[in-house]
Amino acid sequence: MKTVLHWFRRDLRVSDNTSLWQAYTESDRLVAVFCWDDAILQSPDVGPARVNFLLRSLEALSRNLESLGHQLVVRRGPPEEVIPALAREVGAISVFTNRDYEPYAMARDERVRAALKERSIGFRSHKDAVIHEEREVLTRTGTVYSVFTPYSRAWKTLPVAGPLPRIGAPKSPVPSPPSLPLPNGGEALGHPLAQSLFPAGERAGLQALEAFLEERVFGYDHGRNVLETIPGTSQLSPHLRFGTVGIRTVLDRLQTARSRATTATRLKSCDTWLSELIWREFYIQILTNHPRVAAGAFRPEYNQIQWQGTDGQFDAWCAGQTGYPIVDAAMRCLNATGWMHNRLRMIVAMFLTKDLMISWQRGERYFMRTLVDGDLAANNGGWQWSAGCGTDAAPYFRIFNPVTQGEKCDPDGAFVRQWVPELADAPSDSIQEPWARPLLLARSGYVPPIVQHDVQRGRCLAMFKAVKGAAAPSIPNEETHE
Ligand SMILES: Cc1cc2nc3c(=O)[nH]c(=O)nc-3n(C[C@H](O)[C@H](O)[C@H](O)COP(=O)(O)OP(=O)(O)OC[C@H]3O[C@@H](n4cnc5c(N)ncnc54)[C@H](O)[C@@H]3O)c2cc1C
């Protein structure tokens, strides 16, 4: 009787799951496990929004497995001890899992592999979270890309695998090893759980995908740049982060939606959305090929920057008290929900690094702790792009103006009014710069701006030039993420 253990990590689903499917098809008995790793739970990068989403996704996964006749075994402890012990307990000949590309995860998996080897148990990891891995999209000379556009072009020439089926019922009676109950609340995990707006789990992931691809994807080109009551983006990132939806399924359904696009504009929107999914893989391959980005700038000269902002300014940014309405609304939304729209992420990241002149790494850490979709590769890429020190980053001299950015993405001020109630009565034409109406500002109780954008812009350019040693070429000072 061949028993294989599947170890769940960032792939919390029963359909289109490479390792789970292989473990199921190649074995007589499948045992599925999730292991709480305290090194992750106690990391300063982990916070309640993500633990909440994870816990609820595990509950859904456990129910889904149960409905198919399988059990989710839950254990807690160092994986290099827990996984080999369970494998031995159930008589597994091998442990299968899906690859996780973060430096901590890769080192952990090597420890688990070594511990299993000592017990003569196999370990096999599978590609699952991405369509193409870090050494699969290469230049003609066999090197890896560090610029998105050619990477994306090459990515699109490669074949895309289709989704895998859902696993079936057990083929023979399965052992039912002892399992920890999933905690009711996050206290037991060190994270009193925040309220979350995100339905979690596999069904919710698929529903979010279907809902987006039904119609919203066709307006994505516009929707991704504005804040509307019905979100113009998919909000799939927590699901992609935890694997409650599979990337092959996403691309398969996108292809079907694309075939329904009746105009060039609709077609272009589908392709723009595909580009965003490729950005995700681009940043994963950057992290995997250059793990040093987790600790410093992709362009090392930028590690020399003498950041000048104060702790008080950082605290004001975190709390949404900078006096710049779009920045404060975005940060308050993040703090309350664990979510922030991509355009707002760029605006607040630019503001922290360019207006407050505070290190992108402090912002990166704060985002990791608060975001429901916090993901090392995408977050690091986004921060380095915004700070101007990353791969094909917005150059450092490209500085967003928070007022005009606010006017573009929140033209009538509805988003600001929702999150900055002090400005609930402000007229649309001045809601993004309430200081232009001193009486209104005084009456509102809203904070005056903690810095002046025009002044900071000049100081920031000088700060960057000091390490760059070159005058900034003359280009428009605002551009959007391609
Ligand atoms: C400073 C900063 C920090 C960020 N931190 C994260 C993070 O921690 N986790 C995260 O998933 N994304 C991060 N992003 C990227 C992006 O903001 C989110 O992926 C996006 O807002 C998620 O919303 P959505 O699912 O509706 O995206 P959609 O617009 O519907 O895009 C579909 C999917 O493509 C991927 N994607 C989209 N844009 C990007 C991008 N620029 N980089 C990488 N992948 C992308 C995501 O998986 C997303 O779910 C960050 C961006 C910035 C500027």
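The values are calculated or read from the model by the stated rules, or taken from the named source; none is laboratory data. For clarity, every value in this text was computed on a predicted model and none was experimentally measured. Positions of Cβ are generated from backbone atoms using ideal geometry, with glycine treated the same way; all protein chains shown enter the neighbour counts.
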Residue that is hydrophobic (A, V, I, L, M, F, W, C), outside the structural domain of Leu267 (by TED's automatic domain parsing) and buried (at least 20 other Cβ atoms within 10 Å of the Cβ), where the choices are Phe212, Phe242, Phe198: Phe198
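The rows are residues; the columns are (1) under 21 Å from the mean Cα position of the chain (by Cα); (2) closer than 30 Å to Tyr101 by Cα.
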{"site": "Trp383", "(1), (2)": "yes, yes"}
{"site": "Cys389", "(1), (2)": "yes, yes"}
{"site": "Tyr396", "(1), (2)": "no, yes"}
{"site": "Pro402", "(1), (2)": "no, no"}
{"site": "Gln405", "(1), (2)": "no, no"}
{"site": "Cys409", "(1), (2)": "no, no"}
{"site": "Asp412", "(1), (2)": "no, no"}
{"site": "Phe415", "(1), (2)": "no, no"}
{"site": "Pro421", "(1), (2)": "no, no"}
Kindly establish whether Val82 is at negative phi, modelled with pLDDT of 95 or more and not in a helix (DSSP H, G or I). no
Considering every residue within segment 300-312, establish whether at least one is more than 10 Å from the ligand (Cβ to nearest atom) and on the phi > 0 side of the Ramachandran plot. no
Of the residues Ser94, Ser125, Ser179, Ser152, which is among the polar types (S, T, N, Q) and in a loop (DSSP other than H, G, I, E, B)? Ser179
Failed criterion for Pro199 (all others in (1) within 10 Å of the ligand (Cβ to nearest atom); (2) assigned to a loop (DSSP other than H, G, I, E, B) hold): (1)
Would you mind finding the one in Arg216, Arg224 that is within 14 Å of the ligand (Cβ to nearest atom) and more than 26 Å from Met368 (Cβ to Cβ)? Arg216
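Which of the residues that make up segment 329-362 are among the small types (Gly, Ala, Ser), outside any helix (DSSP H, G or I) and surrounded by fewer than 24 Cβ atoms within 10 Å (Cβ to Cβ)?
Passing the criteria: only Ser359.
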Can you tell me how many residues in segment 363-400 are assigned to a helix (DSSP H, G or I) and more than 11 Å from the ligand (Cβ to nearest atom)? 1
With Leu12, Leu54, Leu68 as the choices, which residue is over 30 Å from Phe367 (Cα atoms) and among the aliphatic types (A, V, I, L, M)? Leu68
Could you say whether any residue in segment 116-125 is touching a residue at least 40 places away in the same chain (Cβ under 8 Å) and in the same structural domain as Leu41 (by TED's automatic domain parsing)? yes
Does Ser62 meet the test of being part of a helix (DSSP H, G or I), touching a helix residue (DSSP H, G or I) at 6+ places or on another chain (Cβ under 8 Å) and under 30 Å from Asp252 (Cβ atoms)? no
Any residue in segment 370-384 that's under 18 Å from Tyr104 (Cα atoms): show its pairings with residues that are more than 6 Å from the ligand (Cβ to nearest atom) and hydroxyl-bearing (Ser, Thr, Tyr) at Cβ separation under 9 Å, as long as the two are six or more apart or on different chains. Leu376/Tyr101; Leu376/Tyr104; Ala377/Tyr101; Ala377/Thr288; Gly381/Thr391
How many residues of segment 231-266 are of a type in the set (Val, Ile, Thr), within 12 Å of the ligand (Cβ to nearest atom) and closer than 30 Å to Gly406 by Cα? The answer is 1
Picking from Arg241, Arg248, Arg260, which residue would you name as being assigned to a helix (DSSP H, G or I), of a type outside the set (S, T, N, Q) and over 17 Å from the mean Cα position of the chain (by Cα)? Arg248
